Every structure is written in structure tokens, then in C-alpha cells.
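The values are calculated or read from the model by the stated rules, or taken from the named source; none is laboratory data. Everything numeric here is computed off the predicted structure, so don't read it as measured data. As a convention, Cβ positions derive from the backbone with ideal geometry for all residues, glycine included, and neighbour counts pool all protein chains shown. In case anyone asks, the SASA skips ligands and DNA or RNA and just uses the protein heavy atoms, side chains included. Shrake-Rupley method; radii C 1.70, N 1.55, O 1.52, S 1.80 Å.
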Amino acid sequence: MSMIAYRMVQSIAVEARGIVDETIRFHAVFVDPTQQVKNGLFVPLERGAETLKTAIEHGAIASFWRLGDPLPRYIPNQFPLFFVPSPLEAAAALLERYLEQGGERDAQFFFALPKDSFLADAVVRRRLAELQKRWLSAQPAKGCDDACQNK
């Protein structure tokens, strides 16, 4: 497996809108809208209408979106949005599915926020830390080939 496929993200969503393009591949899943990424899937935590614009400026090409939250007017019609009950839990499900299908090297998951970020309370930060730990524990050790990973 390489990048995260559009179809994999769509399968987690209740519904989607925007361009349907099976060739879209996500290089990163990220929660910090100020983080620069390439071909990213943004996971809004709070203030989605405010943070999505920043995330797009920093490389988001699609986003999870909480069901029932109003959409900002600035979102282009073709911009893919994946509607879910909880964007953070959708990202967690995507992480697990990606790892189950053998993904661990090509895409990246970024669950860290700056310490001074207003986007998450203590409960959300704990969940982010759990997800970051899960992601990092699935990564191969640097300088280690497949043989030493199995020891």
C-alpha cells in the first residue's frame, strides 16, 4: 500500500461532497491547520469554519467535516468533504484501516498540536496523544530493515 486512497476515506464517511476522483491520494492526515503538508486530508477539531481555510492554504486537498456543521461559503464546490459524526474518530478509524492494510511508510499521520493551540481541550489532547503514539509505534525503526523489525 502506498498513499491513502480517496475510496478508503470515502468508506469511513457517512456521505461526501465535492469532486469524486478515485485517483486522489492523500500523503498526510493532519489536525494542525498551520502545518505545511503535501496533498493533505485535514481533520478539524474545533472551529472548522475558521481552521479549514488555513489548512487549505497549507496543503489540504480534502477534509473530514462534522455532520450538521454549517459549511463556510469559501469552500469550492469541487473540494472534497467527508461528513462524519466526529472528525477525530474518523481519523482514528482511517489510521487503523491504513495500518491493517499494510500502510506504514508512505503516508503520514500528524496528531500533534502546538502547546498554545486553542483547538483542543484536555480530553481531545489525550486522544491525540494516544493516536500519535499508535502511529509512531507502527513505524519501522530508523536504520532497520524488515529482518530486524521482526525480532
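If the condition is being among the aromatic types (Phe, Trp, Tyr), farther than 18 Å from THR23 by Cβ and in a loop (DSSP other than H, G, I, E, B), then the stretch 52-85 contributes only TYR74.
Just the residues that are open to solvent by 60 Å² or more (accessible area, probe 1.4 Å) and among the β-branched types (Val, Ile, Thr), please, taken from the stretch 32-41.
Start the filter on the stretch 32-41 by keeping residues that are open to solvent by 60 Å² or more (accessible area, probe 1.4 Å), which leaves 34, 36, 38.
Matches in the stretch 32-41: THR34 only.
Going through (1) assigned to a loop (DSSP other than H, G, I, E, B); (2) within 18 Å of LEU131 (Cβ to Cβ) one by one, LEU88 falls short only on (1).
Just a yes or no: is a residue in the stretch 42-50 under 19 Å from ALA129 (Cα atoms), touching a residue at least 12 places away in the same chain (Cβ under 8 Å), in a strand (DSSP E or B) and in contact with a Gly (Cβ under 8 Å, 6 or more places away or on another chain)?
Within the stretch 42-50, the first condition is being under 19 Å from ALA129 (Cα atoms), and the residues that meet it are 42-46.
Checking the rest, the ones that are also touching a residue at least 12 places away in the same chain (Cβ under 8 Å) come to 42-46.
Retained after the next criterion (residues that are in a strand (DSSP E or B)): 42.
Now narrow it down to the ones that are in contact with a Gly (Cβ under 8 Å, 6 or more places away or on another chain): none.
No: the stretch 42-50 contains no residue that is under 19 Å from ALA129 (Cα atoms), touching a residue at least 12 places away in the same chain (Cβ under 8 Å), in a strand (DSSP E or B) and in contact with a Gly (Cβ under 8 Å, 6 or more places away or on another chain).
Number of residues in the stretch 73-127 that are farther than 19 Å from THR34 by Cα, of a type in the set (A, V, I, L, M, F, W, C) and at pLDDT below 90: the value is 2. Once the stretch 1-17 is narrowed to residues that are assigned to a loop (DSSP other than H, G, I, E, B) and surrounded by fewer than 17 Cβ atoms within 10 Å (Cβ to Cβ), the residue that is modelled with the lowest pLDDT is MET1. Just one of (1) closer than 22 Å to ALA122 by Cα; (2) open to solvent by 10 Å² or more (accessible area, probe 1.4 Å); (3) outside any loop (DSSP other than H, G, I, E, B) fails for VAL29. It is (2). Can you pull out the residues in the stretch 51-71 that are without any contact (Cβ under 8 Å) to a residue 12 or more places away in the chain and acidic (Asp, Glu)? Hit for the stretch 51-71 is GLU57, nothing else. Beta carbons closer than 7 Å, at least 6 apart along the sequence or on distinct chains, pair a first residue in the stretch 122-151 that is more than 14 Å from GLU89 (Cβ to Cβ) with a second that is among the charged types (D, E, K, R) and modelled with pLDDT under 90 for ALA138/GLU104; GLN139/GLU104; PRO140/GLU104. The residues in the stretch 42-92 that are β-branched (Val, Ile, Thr), over 11 Å from the mean Cα position of the chain (by Cα) and open to solvent by less than 20 Å² (accessible area, probe 1.4 Å) can be counted, and the count is 3.
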